[in-house]
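Throughout, read-outs are computed from the coordinates displayed, never taken from laboratory work. Keep in mind it's a predicted model, so treat the numbers as computed, not measured. When we count neighbours, we look across all protein chains shown, and the Cβ atoms used for this are built from the backbone with ideal geometry, even at glycine.
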Amino acid sequence: MAPGDPILGLTETYLADPRPGKINLGVGIYIDEQGRIPLLPTVHEVEQALVAAGKPRGYLPIDGLAAYNRVTQQLLFGTESSLLAAGRVATAQTIGGSAALRVAADLLKQVAGAGAKIAISNPSWGNHHVVFRTAGFELLDYRYYDAASHGLDFAGMLEDLGKLEPGTVVLLHACCHNPTGVDLDAAQWQQVIALLQERKLLPFIDMAYQGFDKGTEQDATAVRLLEASGIEAFVVANSYSKSFSLYGERVGALSMVGADRDEAARLLSKIKQTIRANYSSPSTHGASLVAGVLGSTELRARWEQELGEMRSRIHAMRAGFVDKLAVLGAPDFSFINKQAGMFSYSGLSKAQVHRLRDEYAIYALDSGRICVAALNRSNLDTVAAAVAAVSG
Ligand code: PMP
């Protein structure tokens, strides 16, 4: 019997809980004010047009829908990108961000051979470890979260990255770090990138929450700074699951940057070989939706607004939660306002998380990670009162 996934397992326990008014903050999805997963109006509009067109469903090419890969490159690297102009980026549509990670892991392992190593932030999204371990990597970690300040242990991070062997892959969250919500600012990115370059480490950016902190452009700062640094090679795995609220459609992409156009062509050939051996080709529907929205100037502008509404609601929930906890006389939780994206490392201990679950039917991860995007005006008071009670 294989062990269950800790996050999905928690949702199963939550679903089986008979208590009315139970609240699940263990999820990794954005939930709107009405407690629903939104269907974005722009996505719905494109979907209706697709249905009306009644198109046949042939196979996509191994690397997916060309229009989707094009708009993805523009969103990740920017319309003015010199890397794109030079043809240095190989991009393939993948089955969510997860398959982008797995395809890249398989490919990089094949190239690196027995000595393949990856450094992952401590902590990180649990599946990072699973994917790279399964692909045959040796896993290393670098310091990241500082429990005392509820912020970044930047000195520790630099020290640990500085000790890695050349050729080690370094996995970095572009923004809205999962699970902590703690991100690097632009100056810190610059320092990290200079170190990676000097130590000949391979930057691997995982961008699953573009647009959930400050906006699509600003949240791509890491990618823009990597481009500006002149570094020869780096990898970007991105996901539209959250930014398009298309979780089950499995929309993501893998982009690999090479030294020149020829290397990008070789990278694409390797990406396609790896995809072919895994799942042959990706699926049509989700990619058509994303390509339809991002490919239209008008729809793209409206999508940016829809994304902005999700982002603002999360910011409002963070602020509201911190204020309510302060009014209730709880210990200082103001650090939650500094964290970014859907998640917050709340600082709650495992024992406190278990009390929340057992006494208040409020579900969070044992690590103390809560999904701020699952808070709304109806459950905020209940959650704040329970958190104040268990942390007092
Ligand atoms: N990376 C991170 C950091 C994530 O949080 C997630 C989703 N939870 C993914 C990648 C995978 O995204 P997808 O659901 O599109 O496979």
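Quick check on the chain: what does the Kirkwood estimate of hydrodynamic radius come out to from the alpha carbon pairs, in Å?
Taking the inverse mean of 1/r over all distinct Cα pairs, the chain comes out at 21.7 Å.
Let me have the relative contact order for region 1-133, percent, based on Cα pairs under 8 Å that are six or more residues apart.
13
With the cut-off at 30 Å, tell me which of the pairs K163/K242; K22/K338; K272/K338; K242/K324; K200/K338 have Cα atoms farther apart than that.
Violating the 30 Å limit, Cα to Cα: K163/K242; K272/K338; K200/K338.
I need the phi-derived Karplus couplings for region 139-145: 6.51 cos²θ - 1.76 cosθ + 1.60, θ = phi - 60°, integer Hz, Gly and Pro marked x.
For region 139-145, the Karplus-derived couplings read 9, 10, 10, 10, 4, 9, 8 Hz, x marking Gly and Pro.
What residue among L139, L172, L226 has the largest mean-square fluctuation in a Gaussian network model of the chain, using Cα springs under 10 Å?
Comparing L139, L172, L226 in a Gaussian network model of the chain, the most mobile one is L139.
Calculate I(q)/I(0) for region 1-150 by the Debye formula, one identical point scatterer on each C-alpha and no solvent, and give its log10 at q = 0.14 Å⁻¹ to two decimals.
Ignoring solvent entirely, the Cα scatterers give -1.17.
Output the antiparallel fraction of DSSP beta bridges having both residues in the chain, as a percent to the nearest 5.
Just about 50 percent of them are antiparallel.
For a quick check: sort F137, F154, F132 by the number of other beta carbons within 10 angstrom, fewest at the front.
In order of increasing Cβ crowding within 10 Å: F154, F137, F132.
Helix 350-360 versus the longest principal axis of the chain: what angle, 0 to 90°, nearest 10, using Cα atoms?
Result, in degrees: 60.
Once you place label points 7 Å from the Cα toward the Cβ at L139 and N122, how far apart are they in nm?
The modelled label-to-label distance comes out at 1.3 nm.
If you take the beta carbon distance between E359 and D262 as r and set R0 to 45 Å, what does 1/(1 + (r/R0)^6) give as a FRET efficiency, to the nearest 0.05?
0.15
Provide the per-residue ³J(HN,Hα) series for region 53-67, in order, calculated from phi with Karplus coefficients 6.51, -1.76, 1.60 and θ = phi - 60°, each as a whole number of Hz, with x at glycine and proline positions.
Going residue by residue, I get 6, x, 6, x, 10, x, 6, 7, x, 3, 8, x, 6, 4, 5 Hz, with x marking Gly and Pro.
Expressed in nm to one decimal, what extension gain is obtained for the pair R300 and S334 from 0.36 nm per residue of sequence separation less their Cα-Cα distance?
Gain in length upon complete extension: 8.8 nm.
Under the classification rounded if a/c is under 1.5, otherwise prolate if a/b is larger than b/c and oblate if not, where does region 271-358 fall, given a ≥ b ≥ c as square roots of the Cα gyration tensor eigenvalues?
Cα axes put region 271-358 in the oblate bin.
Among S121, S378, S241, whose mean-square fluctuation peaks in a Gaussian network model of the chain (Cα, cutoff 10 Å)?
Result: S378 has the largest fluctuation of those listed.
Order these by the 10 Å Cβ neighbour count, fewest first: D358, D5.
Placing the least packed residue first, the sequence is D358, D5.
I want to check the label-to-label distance for L50 and K22. Put each point 7 Å from Cα in the C-beta direction and report it in nm to one decimal.
Between L50 and K22, the label points sit 3.3 nm apart.
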